[in-house]
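> Before I ask anything, let me first share the structure, which is written out below as structure tokens.
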Amino acid sequence: MSEQPILFTNARLVDPAGGRETRGSLLVRDGVIEGLGAQVEAAADARVIDCGGQVLAPGLIDMRAFIGEPGAAHRETLKSAGEAAAAGGVTTIVSMPDTNPVLDDPAIVDFVTRRARDTSIVHIRPAAALTKGLKGEEMAEIGLLQEAGAVAFTDGLRSVTNAQVMRRALTYARDFGALIVHHVEDPDLVGTGVMNEGEFATRLGMPGIPREAETIMLERDIRLVRLTGGRYHAAMISCADSVEIVRDAKARGLPVTCGVSINNLALNENDIGDYRTFLKLSPPLRTEDDRQAMIEAVADGTVDVIVSDHNPQDVETKRLPFAEAANGAVGLETLLSAALRLLHSERLALPKILRALSTRPAEILGLPSGRLEQGAPADLVVFDPDAPYVLDKRHLRSLSKNTPFDEARLEGQVTVTMVAGRIVFDRRPN
């Protein structure tokens, strides 16, 4: 049976694919956008939602989120991640393979796909392991994992330091049309470092992580892409030098894309303050100059996507001295609000922000969503970009509460989230 059609009226329609903003209505029927524009006719039985002039845009697609299930469901389950995502306007999550067992077997990928379909209210697309056991020694079965439903291949938080293994992976991925996503951080250069190397780390008495830990790995990967022709995505870059490396690779026509964590766009190393472990991240927060360079890179399209880098950690791994605490922060619920800081500071226009949060991830992953046009999937978000609030971590839907934005003043709240034509989150008063 077909579902009741839903008509969104009085909306500020933002289509990041075309960079257009218009006022009008949008009709959803049977899970797809049936019509949109200034005047949209709907059947008499259509459910009408008055957006009150709020933004109606494609739902966000988060290309990097760590979910504990299977193996660490106390940190996050597929169900809780879906609820957190829906509250933040995220309609599709790409989950990382850092689970127990690792997602390096087609049967496990199939299990996660089915489990997510049964328990999550948003789409969860698994990324499979690039190497067996995430050990960086032996390439995983890319073809079989892709058939099982993997949308990309990555070793998650680990870097493949063996150049020969990475070369083979890029070659095989090219033959299957698969996407390699790599965490660009040389573990030997990272060493015992826990934050950005520089004056601030010295003042805190903390061992630093040089930018070269990122740039050397990135430059190596770019050369291997040139050698093999494989599709490559740098999961997150964080400094001005990396921007120049990616910009040069794109100018040469190489199949290279990259992302940036919302944390590296909204925060810098000074926010660590008095050893705040919720801001211990990988890659680390960099200088204000690097943050500004990353914003400019999003503006000119050098950086393709913005990710939450959602990485839930429990109290036992975060309530420790800074050097001993685990890396990572939750981010699904705050991704949009934190990104809107760039709008309110007049650094980025709204269509540009939403393009990096929805359209470009969809294009890179080969997904049909991320567009506001007739026939596109009805994965949508309605939000008020100006609604102010103070974040209280106790109200987060994620099982873990390690947010770097605790007690931060944010603007932009999600009102309605729709996935495949179904409303999965609704903040409107009853």
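> What ³J(HN,Hα) values, in whole Hz, does the Karplus curve 6.51 cos²θ - 1.76 cosθ + 1.60 give for the stretch 359-370 when θ = phi - 60°, with x put for Gly and Pro?
Computed from phi, the couplings for the stretch 359-370 are 5, 5, x, 5, 5, 5, 8, x, 9, x, 8, x Hz.
> What dipole magnitude, in Debye to the nearest 20, does the chain give about its Cα centre under +1 on Lys/Arg Cβ and -1 on Asp/Glu Cβ?
400 debye
> Would you mind ranking His344, His310, His123 so that the residue whose beta carbon has the fewest other beta carbons within 10 Å leads the list?
On the way: His344 12, His310 32, His123 22.
Ordered by Cβ neighbours within 10 Å, fewest first: His344, His123, His310.
> I would also like to ask the following. Provide the convex hull volume over Cα atoms per residue for the stretch 129-187, in Å³.
Taking only Cα atoms, the stretch 129-187 has a hull volume of 70 Å³ per residue.
> In whole Hz, with x marking every Gly and Pro, tabulate ³J(HN,Hα) for the stretch 281-289 from phi via Karplus 6.51 cos²θ - 1.76 cosθ + 1.60, θ = phi - 60°.
9, 9, x, x, 5, 9, 6, 5, 4
> If you average the C-alpha positions of the stretch 345-397 and of the stretch 179-226 separately, how far apart do those two centres end up, in angstrom?
29 Å
> Rg(Cα) of the stretch 237-370 divided by 2.2 N^0.38 Å?
1.09
> Tell me, what ³J(HN,Hα) does each residue in the stretch 122-139 have, in order and in whole Hz, if you take phi through Karplus 6.51 cos²θ - 1.76 cosθ + 1.60 with θ = phi - 60° and put x for Gly and Pro?
Those phi angles translate into 10, 6, 10, 10, x, 9, 8, 5, 7, 10, 5, x, 6, 8, x, 10, 10, 5 Hz.
> Next up: Which lysines does Lys352 reach when only Cα atoms under 26 Å apart count, and residues fewer than 8 places away in its own chain are ignored?
Straight-line reach from Lys352, under 26 Å: Lys250.
> Okay, moving on. Work out, step by step, the length gained on full extension between Asp30 and Glu212: first 0.36 nm times the residue separation, then minus their alpha carbon distance; give nm to one decimal.
The span from Asp30 to Glu212 would gain 60.5 nm if fully extended.
> Also, I was wondering about something else. Provide Val256, Val424, Val165 in ascending order of the number of other Cβ atoms located within 10 Å of each residue's Cβ, fewest first.
In order of increasing Cβ crowding within 10 Å: Val165, Val424, Val256.
Computed from the coordinates by the stated procedures, all read-outs in this text should not be read as laboratory data. Because the structure is a prediction, the values reported are computed rather than measured. When we count neighbours, we look across all protein chains shown, and the Cβ atoms used for this are built from the backbone with ideal geometry, even at glycine.
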